[in-house]
Amino acid sequence: MEMTVSLNLPICVLPHGQTNPLPTYQTSQSAGMDLHAAISEEIILEPGHRHLIPTGIAFALPNGYEAQIRSRSGLSVKHGVIVLNAPATIDSDHRGEIRVVLINLGQDSFSVQPGMRIAQLIIAPYTQTSWNLVPSLEDYPTERDISGFGSTGL
């Protein structure tokens, strides 16, 4: 059951990112590629603090695709360090450096080291929506209908 779609994207490595590898998949079935911190010296993230970390790369996405930046599970579980606005969206018309907002929700200081894997990058297709304004949604019933938070149980 082969469902993998492959894209070949143009990528620029900025001067401060020259020592880092390109974003890479860790396994043949990984959805996310690792992003690395393009910093020259460590950044200490104190508990409750956030920092914008450069990756030293910029790329061009085709129309109809977005990039998402997500937390790395190991950093979040072991240290409480996550991508603050995860999943962060990078639109297809963005051409600047990819940067990651990390926040330390843990109880201890965390050291971001040069070249450290700090986040995951996912490339995904998207659909743009147009709206059809209607007076009510009575003609579009569902089992849940207008029930909301907690309506399907805990």
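Bear in mind these aren't lab numbers, they're just calculated from the coordinates by the rules spelled out. Being a predicted model, the structure only gives us computed values, none of them experimental. Don't worry about glycine lacking a Cβ; one is built from the backbone with ideal geometry, like all the others, and counts go over all protein chains shown.
Considering helices alone, the calculated mean residue ellipticity of the chain at 222 nm is -1000 deg cm²/dmol, with DSSP H runs of length four and up weighted by -39500 (n - 2.57) and normalised per residue. Here the simple spin-label model places points 7 Å from the Cα toward Cβ, and for GLN18 and TYR65 these points are separated by 2.7 nm.
Placing a label point 7 Å from the Cα of SER76 along the Cα-to-Cβ direction, the residues of the stretch 19-37 whose backbone N falls under 14 Å of that point are 32. At an R0 of 35 angstrom, the distance between the Cβ atoms of SER92 and ILE146 translates into a FRET efficiency of 0.50. The length gained by stretching the chain between ALA58 and LEU133 to full extension, at 0.36 nm per residue less their Cα-Cα distance, is 23.2 nm. Taking the Cα atoms of the stretch 1-98, the ratio Rg/Rh between the radius of gyration and the Kirkwood radius comes to 0.96. What is the dipole size for the stretch 1-71, taken about its Cα centre, with +1 at each Lys and Arg Cβ and -1 at each Asp and Glu Cβ, in debye to the nearest 20? Rounded to the nearest 20 debye, it is 120 debye. Between GLU42 and THR27, residue separation times 0.36 nm minus the direct Cα-Cα distance comes to 2.6 nm. The value obtained for the stretch 68-154, namely the Cα convex hull volume divided by the number of residues, is 182 Å³ per residue. Rounded to the nearest 20, the size of the Cβ-charge dipole of the chain about its Cα centre is 420 debye, with Lys and Arg at +1 and Asp and Glu at -1. Which one of VAL13, SER40, LEU137 is farthest out on the positive end of the charge dipole of the chain, using unit charges on Cβ (Lys, Arg +1; Asp, Glu -1) and the Cα centre as origin? Farthest towards the positive end: SER40.
Amide H contacts under 5 Å for GLY56: ALA38, ILE98, restricted to partners 5 or more places along the chain or on a different chain, H placed in the peptide plane at 1.01 Å from N.
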